[in-house]
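Notes to accompany the following structure.
The values are calculated or read from the model by the stated rules, or taken from the named source; none is laboratory data. For clarity, every value in this text was computed on a predicted model and none was experimentally measured. No Cβ is skipped: glycine too gets one built from the backbone with ideal geometry, and neighbour counts run over all protein chains shown.
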Amino acid sequence: MKTVTPRLKYKDNILYFEDVELTKIVKKISTPVYVYSKNQIIENFLNYKSALYKRKNLICFAMKANSNYEVLKIIKTLGGGCDVTSGGELFRALNAKINPKKIVYAGVGKTEQEINYAFKNEILMFNIESKDEVEFLNNIAKNKNKKINIAIRINPEVNTHTISHISTGEEGTKFGIPLYEVKDFVRFVLNECKNLNLIGLHYHIGSQICTVTPFVEATKKVCNLINELISIGIKLKYLDIGGGLGIRYKDEEPPTPHKLINELLKYIPQYLTIICEPGRYIVGNAGILITKVLYHKKVKNKNFLIVDTSMTDLIRPAFYGAYHNIIPLKLNSNNFKKFDIVGPVCETSDFLGKNMLISDVVNGEYLVIETTGAYGFVMSSNYNSRLRISEVMVDKDKFYLIRKRESYKNLISGEIF
Ligand SMILES: *Cc1c(COP(=O)(O)O)cnc(C)c1O
């Protein structure tokens, strides 16, 4: 069977992740368990970094894709910053000693408490998304007699041809300021919001985008606008081009960061510092989810494998209809069959994969769900009072626990008795 994950390989019919035989992990740590490859994360980050070497740049990892402390520490060591979307993410980033001057904060609904927290910690900039927000921010700054750095998030209104749940840069979504309103918006900020420093523009058009065209369209539109702003005397320092680059889950062929960035650099003026916010690209193919087969079940013509993981650990199949390749940890059968791989949760949508052609495994053996490093653990829940699972990092021939599995006590720890 073929893997899509670069550092996941069969050797003598057993899967290795980097140089760690996965049987060693499941012997030590109970399933289900997320496992990440440190060296894949590093490689992915450096791919972005090297694509930008000709320009002043800052890579702000979109930590909503994977916010584990150990992952953030890798990003920090490589000189990266973070794109945060909540006070909680900011807390995690600061806790991992990410330099606040490398933190940008996006989101349509920042609360007063979150704004104060970010302001106190002197982050690089707030990416603001509405007139109400900009006035609110200005008042907070005014009351403190200080100035706050902002960038305006623009909705460049391009079609990204991705699934609608994760498309953010089309007409009529809640994100950003529509392109045709931006000039007026800029004037409003300059004239009415004396406690704000407008230092950049921002756009993020969606996720899992596998062609350069929408990125180019958006960049052209925004850079045209930047030139128009120059003609009315406004010179910005930062252009934040967001994230959204797609990865291979099955047979997609997304452009490399190098190819993408090279296309975009044609339109971006030299004097700007370019901020990138990749999330999925950095961690997606650096993660797998190992699960144990509990039972086989046959209903009419359908074969089910019931496993110990579920939509509470990985919601992407149920939520987005997303595909993840699923393969056995050990190949010891040539009996290939089609299976629906489902979890124990009381929902019909609780599946990990449908009609997956895989070699049969006996109960008690393990399956590996690929490409789960992004939007996996971070979207997990306690539904059905299931425990959030452990996370492990592999580094060459070593592996170590980076998050303990929750206990039943954790489940009720916030409740009042
Ligand atoms: C989610 C998000 C990202 C990251 O998107 P990916 O598709 O994971 O690269 C970047 N910027 C913003 C503002 C986001 O909301």
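Brief remarks on what is shown
- Selection count where residues are more than 16 Å from the ligand (Cβ to nearest atom) and closer than 24 Å to residue 84 by Cβ, scope the stretch 269-293: 2
- Among (1) away from the ligand (no atom under 15 Å from the Cβ); (2) at pLDDT 95 or above; (3) surrounded by fewer than 23 Cβ atoms within 10 Å (Cβ to Cβ); (4) under 29 Å from residue 354 (Cβ atoms) - the single one residue 300 does not satisfy: (2)
- For the stretch 204-225, the set of residues classified as under 13 Å from residue 262 (Cα atoms), within 16 Å of the ligand (Cβ to nearest atom) and among the hydroxyl-bearing types (Ser, Thr, Tyr) consists of 219 only.
- Selection over the stretch 131-162 of residues that are polar (S, T, N, Q) and under 21 Å from residue 235 (Cα atoms) gives a count of 3.
- Restricted to the stretch 55-73, and to residues there that are in a loop (DSSP other than H, G, I, E, B) and within 16 Å of the ligand (Cβ to nearest atom), the residue that is nearest to residue 205 (Cα to Cα) is 66.
- Selected residue [more than 18 Å from residue 201 (Cα to Cα), under 17 Å from the mean Cα position of the chain (by Cα) and surrounded by fewer than 21 Cβ atoms within 10 Å (Cβ to Cβ)] from 97, 76, 120, 144: 76
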